[in-house]
Amino acid sequence: MKQVFGVFGDPVSHSLSPAMHNAAISALGMDCIYHAFRVKPEKLEKAILGAEAMGFGGLNLTVPLKEVALKLGCIKPDLLAKRIGAVNTIVFEETGEIRGYNTDGLGAKQALQEAAVEIKGSKIVVAGAGGAARAITFQLAADGAEITIINRTEERAIALAKDISAAALPGKVEGRGLSELKDLLQDANVLINTTTLGMHPNIDSTIATADDLYSELTVFDIVYNPLETRLLREAKASGAKTVSGVSMLVYQGAEAFRLWTGIDPPVELMKKTVLEALQ
Ligand code: ATR
């Protein structure tokens, strides 16, 4: 009988995870299927326990369930998921234990590594202080990056930097206002956008223009809808190297796949599938 994997979310019908994971499953010849399920936050615990009872192979969680999952008694989160305050991957152990992980930060790290960025010692400016910034910054600080979080609401950036500093990770983290972007970039290697600026339908907005950027920078926009955001176009115009949000999406999914199956999935095929779905 086919083993079922899935993503729970609400809304979830536009999730790219089914296409991406089913492409990997079929290339590997596995007798499995990955499906999207609409689950409301108040039904999450029942849904997870139901999936466990039915022998699901594993789950992803997306908006608005990642933070809710951390509060459920049935899930044992690992330290990184606890620190981030969100679970995006659930593994059903043979012992009956239900473990929670967060692979978003690892996805971002691997997207940067694919673009030949050496994380340790890098000076990274992270724009935004929401859930995505939190996952990415915890991971990159653990890997020894020196990070400045900048945010429209400066207090949120300062609060996030304080939380991460309290974990005593190898990398230093500071919080500032978004208006300091240009000055901070003079001394940075990488800019990461985690804000919603540039995301459909606000496709003309951007945290920076070509004048703020330069050719030695790597500019990573975690937004993947549209595929090429205004920020990435501005970065290209300045000669900077660019990394698209599709890479992070694919690498966080690949990491989840590894946690469930112990198998390295075909990342290039997963990326091609996502790119085709977004065309
Ligand atoms: P997620 O959890 O997906 O990261 P979020 O928590 O809603 O999303 O965070 C969105 C981020 O985009 C925040 O950092 C937000 O800044 P504020 O904390 O000041 O709200 C940022 N953001 C959204 N709209 C913005 C805008 N028009 N200008 C600048 N930053 C914006």
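The values are calculated or read from the model by the stated rules, or taken from the named source; none is laboratory data. Quick caveat: nothing in here was measured; it's all calculated off a predicted structure. All Cβ positions, even for glycine, are placed from backbone atoms using ideal geometry, and neighbour counts span all protein chains on display.
I'm trying to understand the selection: among the residues of the stretch 213-233, which are buried (at least 17 other Cβ atoms within 10 Å of the Cβ), within 19 Å of V117 (Cβ to Cβ) and either touching a Cys at 6+ places or on another chain (Cβ under 9 Å) or not aliphatic (A, V, I, L, M) (or both)?
Scanning the stretch 213-233 gives T218, F220, D221, Y224, T229.
Applying the selection to the stretch 8-21, what residues are out of contact with any His (no Cβ under 8 Å at 6 or more places or on another chain) and either without any contact (Cβ under 8 Å) to a residue 40 or more places away in the chain or under 20 Å from E42 (Cα atoms) (or both)?
Once the filter is applied, which keeps residues that are out of contact with any His (no Cβ under 8 Å at 6 or more places or on another chain) and either without any contact (Cβ under 8 Å) to a residue 40 or more places away in the chain or under 20 Å from E42 (Cα atoms) (or both), the stretch 8-21 yields F8, G9, D10, P11, V12, S13, H14.
Name the strands (runs of 3 or more DSSP E) wholly within the stretch 145-207 that hold at least 3 residues that are in contact with a helix residue (DSSP H, G or I) (Cβ under 8 Å, 6 or more places away or on another chain) and more than 10 Å from the ligand (Cβ to nearest atom)?
In the stretch 145-207, the matching strands (runs of 3 or more DSSP E) lie at 173-177, 190-193.
Looking at the stretch 217-229, can you tell me whether even one residue there is within 13 Å of the ligand (Cβ to nearest atom), farther than 18 Å from G107 by Cβ and under 20 Å from the mean Cα position of the chain (by Cα)?
The answer is no, given that none of the residues of the stretch 217-229 is within 13 Å of the ligand (Cβ to nearest atom), farther than 18 Å from G107 by Cβ and under 20 Å from the mean Cα position of the chain (by Cα).
Given (1) free of Cβ contacts under 8 Å to residues at least 60 places away in the same chain; (2) within 16 Å of the ligand (Cβ to nearest atom); (3) within 16 Å of the chain's Cα centre (by Cα), where does L249 come up short, assuming only one miss?
(1)
Can you tell me how many residues within the stretch 31-66 are farther than 13 Å from F8 by Cβ and surrounded by fewer than 16 Cβ atoms within 10 Å (Cβ to Cβ)?
Result for the stretch 31-66: 4.
Which residues, taken from the stretch 1-14, are surrounded by fewer than 18 Cβ atoms within 10 Å (Cβ to Cβ) and not hydrophobic (A, V, I, L, M, F, W, C)?
Scanning the stretch 1-14 gives K2, Q3, D10, P11, S13, H14.
Looking at the stretch 79-99, which of its residues are within 22 Å of L160 (Cα to Cα) and buried (at least 16 other Cβ atoms within 10 Å of the Cβ)?
Of everything in the stretch 79-99, those that are within 22 Å of L160 (Cα to Cα) and buried (at least 16 other Cβ atoms within 10 Å of the Cβ) turn out to be L80, A81, R83, I84, G85, A86, V87, N88.
Could you identify the single residue in G128, G144 that is at positive phi, assigned by TED's automatic domain parsing to the domain that holds A208 and crowded, with 24+ Cβ neighbours inside 10 Å?
That would be G128, the only listed residue that is at positive phi, assigned by TED's automatic domain parsing to the domain that holds A208 and crowded, with 24+ Cβ neighbours inside 10 Å.
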